[in-house]
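A.B. asks: Structure incoming, see below.
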Amino acid sequence: MADILWQENSKGTPNNYLSALRKDGVHNVSIRFGFVWLSNYSFGSPTPATDISNEQQIRCCKKLTVSGRFCERPCLTNKNPDSKITRNNRDKHHEVSFMRCLVFDVGGTFIKYALIDKQDHITEASKMPTPMDSIEVFLDTIYNIYEKFSNRIDGIALSMPGILDAENGYMYTGGSLSYISHVNMGRLVSERCNNIRVAIENDAKSAALAEVMIGSLKDCSDAMVVICGTGIGGSIIHEKKVLRGSHFFAGEFSFIDTGCVDKSADSAMWGTVGGVHHLYKIYADMTGEDPKEINGEMLFEHANRGDRKAVEAIRHFSRIMAVQLINLQCTIDPEKIAIGGGISVQPLFLHILREETKNIHKRYSPGVPLPEIVNCQYFNDANMLGAYFTFCRKYGKT
């Protein structure tokens, strides 16, 4: 059975598309629009794929999954008003409903939250400081926000730091949230919020899922996402799927040793020297300011005004990241590396990062590929969108 997801950005006709599938040996096809199942089709290998009317045409939209592979995917429209499946009446025939979710992006500094609807629209976005006290305070915070939206949502999706099993909602660690350790966060949030359906995903993997589905990596088969925040998040995309690893540890770039063997293990980790607080410290050391008084907006405002120390701090910080991006290129050889996190919205940062990556790349032999560095298309929204897609994948069927 081939699972065909009809969304946006495809060309051709259904018959042409299904005929190609038949030639590949696929004889049973299930078709859905987004997370709404439209119909099932079967056709024998000796006969052409004529089960779909020629009047049903294709228009361009997003992407299609066929038997686990991503490729050009059609979006069903119909010129025949008598057809059983049209854009206007498809909800009468679906087995799966679209979702509206309350989505949380939990970071080391803030919890951002918003509603996301069936068109991937993000509304009523807000944020509040992340509680650092205990898991009880964290759950109370989630509940207080949930209470405002409880009669308008189908579920909750969370993008969380740390190492976790998205399928079961179990968190082994919570990243910078040290009070999260070996707990089933999905179950705890559900129980706290009146047993509502909950899906949970690692923050960097959420960002990668958003980017590979509808963002800057949608045309890539193998890619990587690096999230620069309190630490360094990451995700590896292989053949259009998020690589999780045998211990759910794939993409945990924060723990990569930067080679500073004369330092303690923690201070040498990429998550320490590559997190934004280290950038603030670099600038504070240059200016004599208190690093606690420095934030990203202020630093880049100074740099964009021509503050040489601010620019040099960003350049020094970018060199640290550039070395690791080349290391990742040598390890996985991705088509692109997408940079996310709050710092990624700053055009100056991406410009300097590309410059420093090119400079360091000159040390290598000609056969070493230069990383192609792009922004995450959805910037700070990528984590929330990816968590929403995780929820829809988990609870798509009614």
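A.B. asks: Are any residues in segment 151-187 open to solvent by 50 Å² or more (accessible area, probe 1.4 Å) and on the phi < 0 side of the Ramachandran plot, and if so, which ones?
C.D. replies: Selection gives Asn151, Arg152, Asp154, Glu167, Asn168, Tyr170, Tyr172, Thr173, Ser176, Ser178, Ser181, Arg187.
A.B. asks: Of all residues in segment 120-145, how many are surrounded by fewer than 16 Cβ atoms within 10 Å (Cβ to Cβ) and more than 17 Å from the chain's Cα centre (by Cα)?
C.D. replies: 15
A.B. asks: Restricting attention to segment 208-218, report how many residues are crowded, with 24+ Cβ neighbours inside 10 Å and either touching a helix residue (DSSP H, G or I) at 6+ places or on another chain (Cβ under 7 Å) or not β-branched (Val, Ile, Thr) (or both).
C.D. replies: Within segment 208-218, residues that are crowded, with 24+ Cβ neighbours inside 10 Å and either touching a helix residue (DSSP H, G or I) at 6+ places or on another chain (Cβ under 7 Å) or not β-branched (Val, Ile, Thr) (or both) number 6.
A.B. asks: Here's another thing I want to ask about it. Determine which member of the set Gly175, Gly169, Gly162 is in contact with a Pro (Cβ under 6 Å, 6 or more places away or on another chain) and either over 19 Å from Ala338 (Cα atoms) or of a type in the set (Ser, Thr, Tyr) (or both).
C.D. replies: Of Gly175, Gly169, Gly162, the one residue that is in contact with a Pro (Cβ under 6 Å, 6 or more places away or on another chain) and either over 19 Å from Ala338 (Cα atoms) or of a type in the set (Ser, Thr, Tyr) (or both) is Gly175.
A.B. asks: For residues that are assigned to a loop (DSSP other than H, G, I, E, B) and touching a strand residue (DSSP E or B) at 6+ places or on another chain (Cβ under 7 Å), scanning just segment 318-365, find the one that is modelled with the lowest pLDDT.
C.D. replies: Only one residue fits best here, namely Gly341.
Here's the yes/no breakdown for (1) in contact with a helix residue (DSSP H, G or I) (Cβ under 8 Å, 6 or more places away or on another chain); (2) in a strand (DSSP E or B); (3) of a type in the set (Gly, Ala, Ser):
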site: Phe149; (1), (2), (3): no, no, no
site: Ile156; (1), (2), (3): yes, yes, no
site: Ser159; (1), (2), (3): yes, yes, yes
site: Tyr172; (1), (2), (3): no, yes, no
site: Gly186; (1), (2), (3): no, no, yes
site: Ser190; (1), (2), (3): no, no, yes
site: Ile196; (1), (2), (3): yes, no, no
site: Ala199; (1), (2), (3): yes, yes, yes
site: Ser206; (1), (2), (3): yes, no, yes
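A.B. asks: Still on this structure, I have one more. Tell me yes or no: at least one residue of segment 232-247 is closer than 21 Å to Tyr378 by Cα, polar (S, T, N, Q) and surrounded by 24 or more Cβ atoms within 10 Å (Cβ to Cβ).
C.D. replies: Within segment 232-247 (the criterion being closer than 21 Å to Tyr378 by Cα, polar (S, T, N, Q) and surrounded by 24 or more Cβ atoms within 10 Å (Cβ to Cβ)), the answer is yes, since at least one residue qualifies.
A.B. asks: Can you report the number of residues in segment 97-130 which are under 21 Å from Thr173 (Cβ atoms), free of Cβ contacts under 8 Å to residues at least 40 places away in the same chain and among the hydroxyl-bearing types (Ser, Thr, Tyr)?
C.D. replies: 0
A.B. asks: Which residue out of Lys118, Lys62 is modelled with pLDDT under 95, in contact with a Gly (Cβ under 8 Å, 6 or more places away or on another chain) and closer than 30 Å to Phe248 by Cβ?
C.D. replies: Lys118
A.B. asks: Go through segment 219-231 and count every residue that is assigned to a loop (DSSP other than H, G, I, E, B) and either open to solvent by less than 40 Å² (accessible area, probe 1.4 Å) or not polar (S, T, N, Q) (or both).
C.D. replies: 5
A.B. asks: Being free of Cβ contacts under 8 Å to residues at least 24 places away in the same chain and part of a loop (DSSP other than H, G, I, E, B) is true for just one of Glu289, Glu301. Which residue is that?
C.D. replies: Exactly one of Glu289, Glu301 is free of Cβ contacts under 8 Å to residues at least 24 places away in the same chain and part of a loop (DSSP other than H, G, I, E, B), namely Glu289.
A.B. asks: If we scan segment 359-378, do we find a residue that is in contact (Cβ under 8 Å) with a residue 12 or more places away in the chain, within 21 Å of the chain's Cα centre (by Cα), closer than 30 Å to Asp154 by Cα and open to solvent by less than 80 Å² (accessible area, probe 1.4 Å)?
C.D. replies: Within segment 359-378 (the criterion being in contact (Cβ under 8 Å) with a residue 12 or more places away in the chain, within 21 Å of the chain's Cα centre (by Cα), closer than 30 Å to Asp154 by Cα and open to solvent by less than 80 Å² (accessible area, probe 1.4 Å)), the answer is yes, since at least one residue qualifies.
The values are calculated or read from the model by the stated rules, or taken from the named source; none is laboratory data. Just so we're clear, the structure is a prediction, and the values are computed from it rather than from any experiment. Please note: Cβ atoms are built from the backbone with ideal geometry, for glycine as well, and neighbour counts cover all protein chains shown. Please note that ligands, DNA and RNA were not included when accessible areas were found on the heavy atoms of the full protein model with its side chains. Shrake-Rupley method; radii C 1.70, N 1.55, O 1.52, S 1.80 Å.
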